[in-house]
Amino acid sequence: MAKILCVLYPDPVDGYPPTYARDSIPTLRGYPNGQTLPTPSGLDFVPGELVGCVSGELGLRKFLEAAGHTLVVTSDKEGPDSVFDRELRDADVVISQPFWPAYLTAERIASAPKLKLAITAGIGSDHVDLDAAIKAGITIAEETYSNSISVAEHAVMQILALVRNFLPSHEWVAGGGWNIADSASRAYDIEGMSVGVVAAGRIGQAVLRRLAPFDVALHYFDTHRLAPEIEDELHLTFHPDAASLARSVDVVSIHAPLHPKTYHLFDAEVIASMRRGSYIVNTARAEIVVRDAIVDALETGQLAGYAGDVWYPQPPAADHPWRTMPNNAMTPHVSGTSLSAQARYAAGVREILESYFAHKPIREEYLIVDGGSLAGAGASSYTTDGTISPGSSGR
Ligand code: NDP
């Protein structure tokens, strides 16, 4: 029987369960590329419930305990005395969400001799030291596509929020004012602007598709060019690198995985080459940009705005400069954990566990690392050779 260690974000401050705003979520038929939704044998939660926090337990306890396994759920993940570190020593399976990542460093992997499977509840496994996991023979899997559209919607929202100066305008009325001139003095239309995405994968393409009706000029950079039919349909301009894209557009939206080739892609030099008053939205990973270069560019006005939901580390310190830098529209890491997204990735986690315990193959598209190398979705999205080791505490 196995021990499953699950690290989830804390419950709502007003207690669990929350009062839900709606009674149900829509039922989807599948993902945009034809991939099927998760297919667990059953579910012990109602889709639309908050299962991503500690008391929600991803809806896994009944299923795991009925099969004789042990489930430990905690949000305490930092430092050598954390529940995570203590419980990791004899854990067989670790489940962690990128929103509240349990950083699975080489040291932690070395302290967990029984660990065989690390599941990312969501998408993005850069909180795991992939090199160390490969060497230790650990399988890493995530629920590919489960929250891609959720993130795309958030990115489009944040682009509009920045360009149209939504948050400051809202704050004027919430504070009792009617300051139209103050609200309008930084508000623009995106119509006619050039918008570029870095990485046109599942999320990046969904952002391009959602922005096309706004009559913007769409650009993208990716390691592989999209099919000519897609480029023609969306009138896309391809760029061979991020720097070329950055200097050609008014708005950049970042959707690449974090790995050595994307680490610090947007540094002071690239940002300085952008048009004055550009906007960057980053819902991918914080370390794809240089933290203080963003702060400096907002302070000088080189950037007119920065938004996103990804930070490093997570949770960030109370004095993290992105909380207070000018013209930011940051949120906590929430885009991929809407109640709609949780229903899909929690079902996907259960599907992965069912396959693992039945000694059946985990779906190829869910795999990041398997059999001692990058595999499945991980083989096309990640590289492990380079100067940083994602998931390592030393970065
Ligand atoms: P996909 O795997 O569908 O897309 C990733 C894309 O990135 C691929 O097209 C890939 O190119 C491209 N890519 C990889 N390396 C580079 C590089 N060096 N330069 C340019 N492009 C590159 O993943 P998703 O779209 O589903 O997710 C993307 C990322 O978004 C995740 O890795 C995660 O970090 C983040 N994310 C954030 C969430 C949130 O809540 N904020 C939730 C979900 C994901 P190719 O395959 O052509 O080589």
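The values are calculated or read from the model by the stated rules, or taken from the named source; none is laboratory data. A quick note: this is a predicted structure, and the numbers were derived from the prediction, not measured. In this analysis, Cβ positions are derived from the backbone assuming ideal geometry, glycine residues included, and neighbour counts consider all displayed protein chains.
Quick look at the values:
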item	result
In region 331-352, the residues that are within 16 Å of the ligand (Cβ to nearest atom) and either polar (S, T, N, Q) or surrounded by fewer than 21 Cβ atoms within 10 Å (Cβ to Cβ) (or both)	331, 332, 334, 335, 337, 338, 339, 340, 342
Test: residue 150 is small (Gly, Ala, Ser) and either under 28 Å from residue 347 (Cα atoms) or touching a Gly at 6+ places or on another chain (Cβ under 9 Å) (or both)	yes
Enumeration of residues in region 62-88 that are β-branched (Val, Ile, Thr) and either assigned to a helix (DSSP H, G or I) or on the phi > 0 side of the Ramachandran plot (or both)	83
Residue among 34, 59, 52, 15 that is in contact (Cβ under 8 Å) with a residue 24 or more places away in the chain and on the phi > 0 side of the Ramachandran plot	59
Filter result for residue 359 (assigned to a loop (DSSP other than H, G, I, E, B), within 13 Å of the ligand (Cβ to nearest atom) and modelled with pLDDT of 95 or more)	no
Helices (runs of 4 or more DSSP H) fully within region 97-171 counting 1 or more residues that are surrounded by 24 or more Cβ atoms within 10 Å (Cβ to Cβ) and within 11 Å of the ligand (Cβ to nearest atom)	148-163
Residue list for region 182-197, filter: buried (at least 16 other Cβ atoms within 10 Å of the Cβ) and either of a type in the set (Gly, Ala, Ser) or without any contact (Cβ under 8 Å) to a residue 12 or more places away in the chain (or both)	183, 194, 196
Which numbered condition residue 95 misses (of (1) under 17 Å from residue 371 (Cα atoms); (2) in contact with a helix residue (DSSP H, G or I) (Cβ under 7 Å, 6 or more places away or on another chain); (3) of a type in the set (A, V, I, L, M, F, W, C))	(1)
Residues of region 163-187 satisfying the condition of being under 20 Å from residue 271 (Cβ atoms) and over 28 Å from the mean Cα position of the chain (by Cα)	186
Criterion: closer than 19 Å to residue 40 by Cβ, among the polar types (S, T, N, Q) and touching a helix residue (DSSP H, G or I) at 6+ places or on another chain (Cβ under 8 Å) - qualifying residue of 355, 335, 340	340
Boolean, residue 374 is under 29 Å from residue 267 (Cβ atoms), within 16 Å of the ligand (Cβ to nearest atom) and of a type outside the set (S, T, N, Q)	yes
Selection status of residue 317, surrounded by fewer than 24 Cβ atoms within 10 Å (Cβ to Cβ) and modelled with pLDDT of 95 or more	yes
Members of region 211-225 found to be within 25 Å of residue 380 (Cβ to Cβ) and of a type in the set (Val, Ile, Thr), listed by number	223
Subset tally (residues that are closer than 16 Å to residue 188 by Cα and assigned to a strand (DSSP E or B)) for region 282-306	4
Unique match (being under 29 Å from residue 361 (Cβ atoms) and under 21 Å from the mean Cα position of the chain (by Cα)) among 54, 7	7
Number of the exception - residue 58 against (1) surrounded by 21 or more Cβ atoms within 10 Å (Cβ to Cβ); (2) out of contact with any Cys (no Cβ under 8 Å at 6 or more places or on another chain)	(2)
Verdict on residue 173 being modelled with pLDDT of 95 or more and closer than 30 Å to residue 257 by Cα	no
Output for region 3-27, where each listed residue is among the hydrophobic types (A, V, I, L, M, F, W, C) and surrounded by 13 or more Cβ atoms within 10 Å (Cβ to Cβ)	4, 5, 6, 7, 8, 25
Test: residue in region 302-312 that is within 21 Å of residue 152 (Cα to Cα), within 16 Å of the ligand (Cβ to nearest atom) and more than 15 Å from the chain's Cα centre (by Cα)	yes
